[in-house]
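A.B. asks: Can you keep this structure in mind? I'll have questions shortly.
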Amino acid sequence: MEPPQTSSAVTLRVNGVRHRLRDLDHRTTVLDALREHLGLTGAKKGCDHAQCGACTVLVDGRRANSCLLLAVAYDGAEVTTVEGLADGDALHPLQEAFLVRDGFQCGYCTPGQLCSAVGMIAEAGGGAPSVVTPPGTAAAGAPVPLSPEEIRERMSGNLCRCGAYGNIVAAVEDVTR
């Protein structure tokens with residue numbers, strides 16, 4: 001009997017670039033593949049238990065905690081990190097708003113906050129209600145208006161140890177107006 005296979009080749013399309021990772025250990029998370037194999041250190045390893053949001057990236061357009069995703073299970077996926085939000089030298093509107101509104105202090109959580117905000121805006125734009133969405137607000141795929149309460153609820157999985165929440169909400173509001 002042959003021993004079980006413990007590594008595989010995995011292809012991830014990261015920020016629009018195809019990366020073939022050969023002989024990747026099956027236990028490697030998307031976060032570790034990004035940081036250790038591709039040199040993309042924007043997504044942070046905070047708690048390593050998907051409780052802080054510092055590792056948030058977009059996977060196939062949806063926000064995800066990359067510290068829990070096994071890379072082998074996402075073979076062929078499109079991953080967008082904070083490094084991929086900007087268009088060349090032109091910052092993403094949320095990155096600009098975070099600068100203007102001082103939506104960061106130490107900056108450790110900022111990449112995850114930004115990716116989560118991009119995903120959250122898309123979710124609300126697609127009509128996905130949250131716990132605080134008033135009944136009847138989200139009508140058959142119509143965009144959900146992003147009030148400060150909606151933004152806080154939808155961003156609640158991203159923690160900021162410095163407490164820049166007010167400025168983060170203001171930055172997201174600026175972009176969604």
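A.B. asks: Compute log10 of I(q)/I(0) for the chain with the Debye formula, placing one identical point scatterer on every Cα and leaving out solvent, at q = 0.09, 0.13, 0.16, 0.17 Å⁻¹, to two decimals.
C.D. replies: -0.33, -0.66, -0.94, -1.04
A.B. asks: Additional query: Once you've got the GNM for the chain with C-alpha springs shorter than 10 Å, pick whichever of 145, 93, 135 has the biggest mean-square fluctuation.
C.D. replies: Largest GNM mean-square fluctuation: 135.
A.B. asks: Work through the residues other than residue 92 whose Cβ is under 15 Å from its Cβ and net out their charges, Lys, Arg +1 and Asp, Glu -1.
C.D. replies: Its environment carries a net charge of -3.
A.B. asks: Where is the GNM fluctuation largest for the chain (alpha-carbon springs, 10 angstrom cutoff): 118, 144, 100?
C.D. replies: Sorting by GNM fluctuation, first place goes to 100.
A.B. asks: Let me ask something else about it. Calculate, in nm to one decimal, what residue 37 and residue 174 gain on full extension: separation in residues at 0.36 nm each, minus their alpha carbon distance.
C.D. replies: 45.8 nm
A.B. asks: Given a Förster distance of 30 Å, report the FRET efficiency between residue 122 and residue 11 from their Cβ-Cβ distance, rounded to the nearest 0.05.
C.D. replies: For residue 122 and residue 11, the calculated efficiency is 0.80.
A.B. asks: What nm distance separates the two modelled labels at residue 90 and residue 156, each placed 7 Å from Cα along Cα→Cβ?
C.D. replies: 3.6 nm
A.B. asks: How large is the convex hull of the Cα atoms of region 7-84 per residue, expressed in Å³ as a whole number?
C.D. replies: Residue-normalised Cα hull volume stands at 73 Å³.
A.B. asks: Binning at 5 angstrom from zero up to the longest distance, how are the C-alpha pair distances of region 55-94 distributed in percent?
C.D. replies: For region 55-94, the binned pair fractions read 6, 22, 28, 22, 11, 9, 2 percent.
A.B. asks: Please compute the net charge surrounding residue 53, taking Lys and Arg as +1 and Asp and Glu as -1 over other residues with Cβ under 11 Å from its Cβ.
C.D. replies: Net of charged neighbours comes to +2.
A.B. asks: With springs only between Cα atoms under 10 Å apart, run a GNM on the chain and tell me which of 52, 106, 67 wobbles the most.
C.D. replies: Checking each option, the largest mean-square fluctuation is seen for 106.
A.B. asks: Treating only the Cβ of Lys, Arg, Asp and Glu as charged (+1, +1, -1, -1), what charge dipole size does region 1-143 show about its Cα centre? Round to the nearest 20 debye.
C.D. replies: 120 debye
A.B. asks: Here's another thing I want to ask about it. Just flag the trypsin sites (Lys or Arg not before Pro) in region 17-117 sitting in loop per DSSP whose Cβ has no more than 16 other Cβ atoms within 10 Å. Provide the component values of the computation, followed by the final result.
C.D. replies: Details: sites: 18, 20, 22, 27, 35, 44, 45, 62, 63, 101; in loops: 27, 44, 45.
Answer by residue number: 27, 45.
A.B. asks: How big is region 93-176 by Rg and Dmax over its Cα atoms, in Å?
C.D. replies: 12.6, 40
Every read-out reported here was derived from the displayed coordinates using simple, explicitly stated rules and does not represent laboratory data. What you see is a predicted model; the values in this text were computed from it and never measured. Every residue, glycine as well, gets a Cβ built from its backbone with ideal geometry; the counts of neighbours run over all protein chains shown.
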